[in-house]
Amino acid sequence: MLVAGIGNVFLGDDGFGVEVVNRLDVSVLPETVDVVDYGIRGVHLAYELLAGRHHTLIMVDAVPVEGPPGTVAVLEVDDEDPLGPVPVNGHGMHPQAVLDLLRALGGGVPRVLIVGCRPAVIDELMGLSEPVAAAVDGAAALVAELARQEAADLAAPVIRQADAECADA
C-alpha cells in the first residue's frame, strides 16, 4: 500500500497533503505501508505506481470537497471513469491527473482512496490557513486508520484461505 502526500507547500492550503504525511507516525502503520511525500511530483507518483507494487493507494491532497474550508472527506475513486485528456504538468498534477496519466501509460491501482480537505486559500504563500491547519492532525489519524484497515482487509483473504486448507487436512 502507498500513502502519497500531494501538494505545493508554496501555495497555502495546497500543502495539506504534504503536511499530513509528514505528521503521520509510521511506527503505528503495518510494514506493508509506504508513506511518501510526493509534493508536486505527480509524474513521479504515476511512474512509481506503474511498477505495480501497490494494491492500494491513499492520496492525501487539498480537494474541493463539500463543506466549509477544513472539511476532510474520504473519496473512493472508480477506476472505470472514462479517461480524459492526459495533462502532463509536473508541477500541477491533481489526483485525477495522476491516475489518468497512470492509465494512459498502461497501469492501474486496484483500490484508490483520496483523503481530501477543502482548502480556504490557494495563493502564493507558505503555510496552511487556520481551518486547514486545524484539520491536519485529525486527517493524519484518519489516514493511519484507513491504512491499518486496508492492510487488514488485504491480509484477511490469505488467512481465510489458510484456515480453509487446515480444515480440509
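For the stretch 112-125, putting each phi into the Karplus relation 6.51 cos²θ - 1.76 cosθ + 1.60 with θ = phi - 60° gives couplings of 10, 10, 10, 9, x, 10, 5, x, 9, 9, 10, 10, 6, 7 Hz, in residue order, rounded to whole numbers and with x for Gly and Pro. For the pair R53 and F10, a Förster radius of 35 Å applied to the C-beta separation gives a FRET efficiency near 0.70, rounded to the nearest 0.05.
Sorting 109-115, 147-153, 25-31 by their mean Cβ neighbour count within 10 Å, with the most densely packed peptide first, gives 109-115, 147-153, 25-31. When E145, E48 are arranged by Cβ crowding within 10 Å, least crowded first, meaning fewest neighbours, the order is E145, E48. The simple spin-label model puts a point 7 Å past each Cα toward its Cβ; for D153 and T71 those points are separated by 2.3 nm.
Label separation (D123 vs T32): 4.5 nm, computed from points 7 Å beyond Cα along the C-beta direction.
For the stretch 34-40, putting each phi into the Karplus relation 6.51 cos²θ - 1.76 cosθ + 1.60 with θ = phi - 60° gives couplings of 9, 10, 9, 8, 8, x, 9 Hz, in residue order, rounded to whole numbers and with x for Gly and Pro. Working ranking of peptides 1-10, 58-67, 119-128 by packing, defined as the average number of other Cβ atoms within 10 Å per residue, highest first, is 1-10, 58-67, 119-128.
Read the figures in this text as sums done on the coordinates, not as results from a lab. Predicted, not measured: the structure shown is a model, and the values here were computed from it. Glycine also receives a Cβ, built like all others from the backbone with ideal geometry; neighbour counts cover every protein chain displayed.
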